[in-house]
Amino acid sequence: MSSRRLAVAITTAVLLAVGAAACESGDSGGKAGGGKIALLLPESQTTRYEQHDRPLFEAKVKQLCPDCEIIYSNAQQDQSRQQQQAEAALNNGAQVLVLDPVDGAAAATIVSLAKSKNVPVISYDRLIQNAPVDYYISFDNERVGQLQGESLVNRLKELGKTSGNIVMINGSPTDNNAKLFNKGAHSALDTSGFKTVPTPDFFTPEWKPENAQKFMEGQIAQLGKDGFVGVYAANDGTAGGAISAMRAAGITPVPPTTGQDAELAAIQRIVGGDQYMTVYKAFKPEAEQAAEVAVALVKGEKPSTDRTVNNGAVDVPSFLLEPQAVTKDNIKQTVVADNLYTVEQICTSTYSAACQAAGLT
Ligand code: BGC
């Protein structure tokens, strides 16, 4: 045997032994009542993660398994940091990983490490590619993009427009969701009479609002202030960046702009007329579904699902929820009705007149 092969064989044997040990301690820990669940979220510039996903997940786990411990980490958009956080969680005895990957392809490494320790992995919100993931819990993300595209086209038609450029600002190139949003949006935009620019499509590095803003500044310089009729922004953060760029260039009113996440700042921009729409993906059912599956896995159960999504390696058992478009007309029936925000939170003094006009009282 060559020395390299010998090294591989020894490493494999050591990994197997470590895996078996982790599995034993994991099993007894889980079945005795408690258990360790790791929640690994990707960033905190988007408000959903710290304001909604994390507390909702933690509350549901506490309710279903009072003795369970949650190991929480946020990677702040850094894939190698997420890798280290996952390693730390596994070394710390995590029995399930709930992973929302910064980079869906690179996260396959985390999955193989977890698998070597017999730890199941739930792909949370974003799909991890080409790896034996155990569950995927998310929304119908192509539908998200389709809702964005359709709302934008309908609004432009309401305004009497039938042609012109739509500046397209997609999400992070390392997020599988961004590809699905893009695909769904194209399904609505490509047959609409409007033209998406630029070609090829622009994807915003790390979903950063400031990157979207810089990109939009470049588009305004290139196309001119009247050179586009609408803006497709993949989420509220990138919408905020694009709107800042348009405002700074003196474009008023800002042309219809899409978003996603129902962030408070975006809901306020919608009330005030700077942003046309957002997509609300109810965080509660998503986070709670993940908590339910994680606790079941800790207890050695395997929840059943009626659908799967292929990630390039396996058909991943999946739970996919339905997104909803939100405009000024249905803020009350959606995010307010769901107690995401109160009317008082939305209607601060800056927005009180706009709120009155929108019937938000
Ligand atoms: C999520 C969005 C979020 C974006 C940026 C996507 O994977 O589905 O809700 O706005 O990432 O974090």
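The values are calculated or read from the model by the stated rules, or taken from the named source; none is laboratory data. All figures in this text were calculated on a predicted structure; none of them were measured in a lab. Here Cβ is always computed from backbone atoms with ideal geometry, including for glycine, and neighbour counts include all displayed protein chains. The protein model used for the area step is the full one, side chains on, heavy atoms only, and it has no ligands, DNA or RNA in it. Shrake-Rupley method; radii C 1.70, N 1.55, O 1.52, S 1.80 Å.
Go through the residues of segment 320-327 one by one and say whether even a single one is open to solvent by 40 Å² or more (accessible area, probe 1.4 Å), closer than 17 Å to SER138 by Cα and over 19 Å from the mean Cα position of the chain (by Cα). Spell out how you get there, then give the answer.
To start, the set of residues in segment 320-327 that are open to solvent by 40 Å² or more (accessible area, probe 1.4 Å) comprises 320-322, 324.
From what's left, closer than 17 Å to SER138 by Cα: 320-322, 324.
Filter once more, keeping what is over 19 Å from the mean Cα position of the chain (by Cα): none.
Checked against the condition, which is being open to solvent by 40 Å² or more (accessible area, probe 1.4 Å), closer than 17 Å to SER138 by Cα and over 19 Å from the mean Cα position of the chain (by Cα), segment 320-327 yields no hits at all.
Out of all the residues in segment 189-204, is one or more β-branched (Val, Ile, Thr), closer than 23 Å to ASP329 by Cβ and assigned to a loop (DSSP other than H, G, I, E, B)? No - not one qualifying residue is present in segment 189-204.
If you take just the strands (runs of 3 or more DSSP E) that sit entirely in segment 31-102, which of them hold at least 2 residues that are out of contact with any Leu (no Cβ under 8 Å at 6 or more places or on another chain)? Of the strands (runs of 3 or more DSSP E) lying wholly inside segment 31-102, those with at least 2 residues that are out of contact with any Leu (no Cβ under 8 Å at 6 or more places or on another chain) span 35-41, 68-74.
A count restricted to segment 296-348 and to residues that are over 30 Å from GLY359 (Cβ atoms), touching a Phe, Trp or Tyr at 6+ places or on another chain (Cβ under 9 Å) and polar (S, T, N, Q) stands at 4.
Only residues that are out of contact with any Leu (no Cβ under 8 Å at 6 or more places or on another chain), of a type in the set (A, V, I, L, M, F, W, C) and in a strand (DSSP E or B) were counted in segment 318-336, giving 4. With respect to (1) open to solvent by less than 10 Å² (accessible area, probe 1.4 Å); (2) not in a helix (DSSP H, G or I), the lone exception for LEU156 is condition (2). Within segment 95-130, the set of residues being of a type in the set (S, T, N, Q) and crowded, with 24+ Cβ neighbours inside 10 Å comprises GLN95, SER123.
Looking only at residues of segment 136-153 that are within 16 Å of the ligand (Cβ to nearest atom) and of a type in the set (A, V, I, L, M), we find that the one that is most open to solvent (accessible area, probe 1.4 Å) is LEU147. A Cβ distance below 7 Å, combined with a sequence gap of six or more or placement on separate chains, defines the contacts here; from segment 47-70, residues that are of a type in the set (A, V, I, L, M, F, W, C) reach residues that are away from the ligand (no atom under 16 Å from the Cβ) and open to solvent by 30 Å² or more (accessible area, probe 1.4 Å) in the pairs LEU56/GLU288; VAL61/ILE70; LEU64/GLU292; ILE70/GLU58.
To keep it simple, each residue is scored yes or no on (1) out of contact with any Gly (no Cβ under 8 Å at 6 or more places or on another chain); (2) charged (D, E, K, R).
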position: VAL144; (1), (2): no, no
position: GLU150; (1), (2): yes, yes
position: PRO173; (1), (2): yes, no
position: LEU180; (1), (2): no, no
position: GLY184; (1), (2): no, no
position: THR191; (1), (2): yes, no
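For segment 269-297, a residue qualifies if it is assigned to a helix (DSSP H, G or I) and open to solvent by 30 Å² or more (accessible area, probe 1.4 Å), and the qualifying residues are ARG269, GLY272, LYS284, PRO285, GLU288, GLN289, GLU292.
Set side by side, the residues ASN165, ASN176 differ, and just one is open to solvent by 10 Å² or more (accessible area, probe 1.4 Å), within 11 Å of the ligand (Cβ to nearest atom) and in contact (Cβ under 8 Å) with a residue 12 or more places away in the chain, which is ASN176. Restricting the first member to segment 124-147 and to residues that are at pLDDT 95 or above and part of a helix (DSSP H, G or I), and the second to residues that are acidic (Asp, Glu) and surrounded by fewer than 24 Cβ atoms within 10 Å (Cβ to Cβ), the beta-carbon pairs closer than 8 Å and six or more apart or on different chains are ARG143/GLU322.
Could you check segment 207-224 and list, in sequence order, the residues that are out of contact with any helix residue (DSSP H, G or I) (no Cβ under 7 Å at 6 or more places or on another chain), part of a helix (DSSP H, G or I) and either more than 19 Å from ALA266 (Cβ to Cβ) or of a type in the set (Lys, Arg) (or both)?
Passing the criteria: LYS214, GLY218, GLN219, ALA221, GLN222, LEU223.
The set of residues in segment 33-81 being open to solvent by 40 Å² or more (accessible area, probe 1.4 Å), within 17 Å of ILE128 (Cβ to Cβ) and not acidic (Asp, Glu) consists of SER80, ARG81.
Considered as a group, the residues in segment 179-206 that are more than 16 Å from the ligand (Cβ to nearest atom) and polar (S, T, N, Q) include one that is surrounded by the most Cβ atoms within 10 Å (Cβ to Cβ), and that residue is THR196.
Per the conditions (1) closer than 23 Å to ALA358 by Cβ; (2) open to solvent by less than 40 Å² (accessible area, probe 1.4 Å); (3) away from the ligand (no atom under 11 Å from the Cβ), the sole criterion not satisfied by GLY259 is (3).
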